[in-house]
Amino acid sequence: MPELKNINIGLMGLGTVGGGVYKLIERRQEEIEKKTGTHIQISKVLVRNLDKERPGVPASVLTDRWEDILEDDDIDIVVEVTGGIEPARTRIIQALNAGKNVVTANKDLIAEYGAELFETADNNGKDFLFEAAVAGGIPIIRPLKECLAGNEITEVMGIVNGTTNYILTRMSEDGMDFDEALAIAAELGYAEADPTADIEGYDAGRKVAIMASLAFHSHVTFADVDIEGITKLTAKDIKFAENFGKVIKLLGIAKNTDEGIEASVHPVLIDRNHPLASVRDAFNAVFVHGDAVDDAMFYGRGAGEFPTASAVTGDIIEAARNIASGCTGRISCAAYRDIPVKPADEVKDKYFLRIKAADRPGVMAGVTGVLGNNQISITQVVQTAAVDGEAEMVIMTDEVRRKHFNDALIILNEMSSVRKICSVIRVY
Ligand code: NAP
Ligand code: HSE
């Protein structure tokens, strides 16, 4: 058997993901040798706190000095799983410029500085791989870049945040309200100590920016994504949705339309028969539409030690194979199109509108009249029995430009017969 090429890895971060990567590479060592024809070893591990117990990791590989990795010419691959923008951004650029390949799980960074990182990797002819940055263990980056490369992709959408999907599942299946479901998600370790990025939709927004950039070959950043979280949803909305044959999911949606790219994260009512409706608990799923493949769906665990380590390790194996064959930097992520992102006001959606209004003759006609005057066509209306002179109306609309819908909401808000606009939710 020919002698194996040694590939050294500098692992930045030994937390949930880094710890998983360390263990998985140890566990699969022999297989990885057979798969890559190389001997991979993690020769240095960068952490913040050298005093922390790190069971199973020899103290000799640990360092708190980035330079120990950057200046080590024997390190071929840097794996960044520290998180955040800085110093991760500077360090990744330094690593690429120093001729190292980079694997990362850092969605925050790519959603903002992807273009700069892709260009630096291309300029250096190095791999910059980030499968774990979107939907953890689910393969979606490589399918978008490689397996679906023969398609004109027009839509990528999905459930790309496990914490919020878990919360919505509890609200829908157990009738819980948002706060109760969030508390349980925290107890089970799904929600972080500060759950803002998950429940406000920012985490999903970063993943949408990354998927849209790759699918449509244009720069889409986090700031381009129109984002709304799930904090305003109530068990009542979920119940009404059920009565219309729908479930509510937090969907990240990216579409390439004739007028430009639409990129959003919103709670959305989807038909109970849609494949995404059956994605429960903390699972993720991404749905892709291409002109040749038609519809394709990718399903699995979007986070956690080993699911995420699975994606990072797959990237390490790819980089090792490319190094062994002398073909790193083979597949560019750089955008070769410049499709504009559509202003949010121009985006067309269908809506679910829940209103509390006075229970007297003519109120329903007044409300529907305002919608009609703003080019909003109604598809379904339900009114519940009045309590204390107040009735609840739920209206489902046809597709309407956001601007027209918002204009109608302003007028409804000013009507004395409309007591409260309780919910406005998009319908897919
Ligand atoms: P984590 O558990 O907080 O671990 C972070 C690790 O990085 C720790 O070992 C920490 O060192 C080290 N670190 C942080 N800042 C550092 C710095 N400036 N210099 C040196 N070391 C530093 O984080 P994680 O959950 O593993 O997440 C890592 C990355 O993966 C993030 O970008 C995250 O978004 C992404 N990701 C995570 C998941 C998931 O399920 N957790 C899923 C997909 C993607 P100490 O140990 O000394 O504190
Ligand atoms: N916090 C994310 C989630 C996992 O709940 O899906 C990391 O992307």
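Things worth noting here:
- Taking the criterion of being surrounded by 23 or more Cβ atoms within 10 Å (Cβ to Cβ) and within 23 Å of Ile339 (Cβ to Cβ), the residues of region 269-300 that qualify are Val286, Val288.
- Number of the condition not met by Ala212 [criteria: (1) within 16 Å of ligand 2 (Cβ to nearest atom); (2) outside any loop (DSSP other than H, G, I, E, B)]: (1)
- When region 131-146 is filtered for residues that are part of a helix (DSSP H, G or I) and either within 16 Å of ligand 1 (Cβ to nearest atom) or buried (at least 24 other Cβ atoms within 10 Å of the Cβ) (or both), the ones remaining, listed by number, are Glu131, Ala132, Ala133, Ile141, Arg142, Leu144.
- In region 13-26, residue farthest from Asn97 (Cα to Cα) [restricted to those that are in a loop (DSSP other than H, G, I, E, B) and out of contact with any Phe, Trp or Tyr (no Cβ under 8 Å at 6 or more places or on another chain)]: Gly15
- When the residues of region 224-261 are filtered to those that are over 24 Å from Thr169 (Cβ atoms) and in contact (Cβ under 8 Å) with a residue 24 or more places away in the chain, the one that is surrounded by the most Cβ atoms within 10 Å (Cβ to Cβ) is Asp224.
- Counting only residues that are in a loop (DSSP other than H, G, I, E, B) and in contact (Cβ under 8 Å) with a residue 60 or more places away in the chain, region 272-296 holds 8 of them.
- Selection status of Phe128, within 16 Å of Asp315 (Cα to Cα) and surrounded by fewer than 24 Cβ atoms within 10 Å (Cβ to Cβ): no
- Checking each residue in region 187-200 for being in a loop (DSSP other than H, G, I, E, B) and either within 11 Å of ligand 2 (Cβ to nearest atom) or loosely packed, with under 14 Cβ neighbours inside 10 Å (or both) picks out Leu188, Gly189, Tyr190, Ala191, Glu192, Ala193, Asp194, Pro195.
- Residue that is farthest from ligand 1 (Cβ to nearest atom), among those in region 153-186 that are part of a loop (DSSP other than H, G, I, E, B) and either more than 20 Å from Ile141 (Cβ to Cβ) or touching a Pro at 6+ places or on another chain (Cβ under 8 Å) (or both): Gly175
- For region 303-355, filtering for residues that are of a type in the set (Lys, Arg) and in a strand (DSSP E or B) leaves 3.
- Of the residues in region 361-372, none is more than 16 Å from ligand 2 (Cβ to nearest atom), touching a Lys or Arg at 6+ places or on another chain (Cβ under 8 Å) and either in a helix (DSSP H, G or I) or of a type in the set (Val, Ile, Thr) (or both).
- Yes/no for Leu269 being within 16 Å of ligand 2 (Cβ to nearest atom) and either assigned to a strand (DSSP E or B) or modelled with pLDDT of 95 or more (or both): no
- Selection status of Ala204, more than 14 Å from ligand 2 (Cβ to nearest atom) and either crowded, with 24+ Cβ neighbours inside 10 Å or part of a helix (DSSP H, G or I) (or both): no
- Residues in region 284-314 that are within 24 Å of the chain's Cα centre (by Cα) and more than 16 Å from ligand 2 (Cβ to nearest atom): Phe287, Val288, His289, Gly290, Asp291, Val293, Asp294, Asp295, Ala296, Met297, Thr313, Gly314.
- Exactly one residue among Ala185, Ala215 is in contact with an Asp or Glu (Cβ under 9 Å, 6 or more places away or on another chain), of a type in the set (A, V, I, L, M) and more than 27 Å from Glu242 (Cα to Cα), and that residue is Ala215.
- Residue in region 38-47 that is more than 23 Å from Glu318 (Cβ to Cβ) and free of Cβ contacts under 8 Å to residues at least 40 places away in the same chain present: yes
- Failed item, numbered, when Gln375 is tested on (1) touching a residue at least 40 places away in the same chain (Cβ under 8 Å); (2) touching a His at 6+ places or on another chain (Cβ under 6 Å): (1)
- Complete set of residues in region 301-323 that are away from ligand 1 (no atom under 14 Å from the Cβ) and surrounded by fewer than 18 Cβ atoms within 10 Å (Cβ to Cβ): Arg321
- Any chance Lys107 is within 11 Å of ligand 1 (Cβ to nearest atom), more than 21 Å from Ile7 (Cβ to Cβ) and of a type outside the set (Val, Ile, Thr): yes
The values are calculated or read from the model by the stated rules, or taken from the named source; none is laboratory data. Given the structure is predicted, the values throughout are model-derived calculations rather than measurements. With ideal geometry, Cβ positions are generated from the backbone for all residues, glycine too; neighbour counts draw on all protein chains shown.
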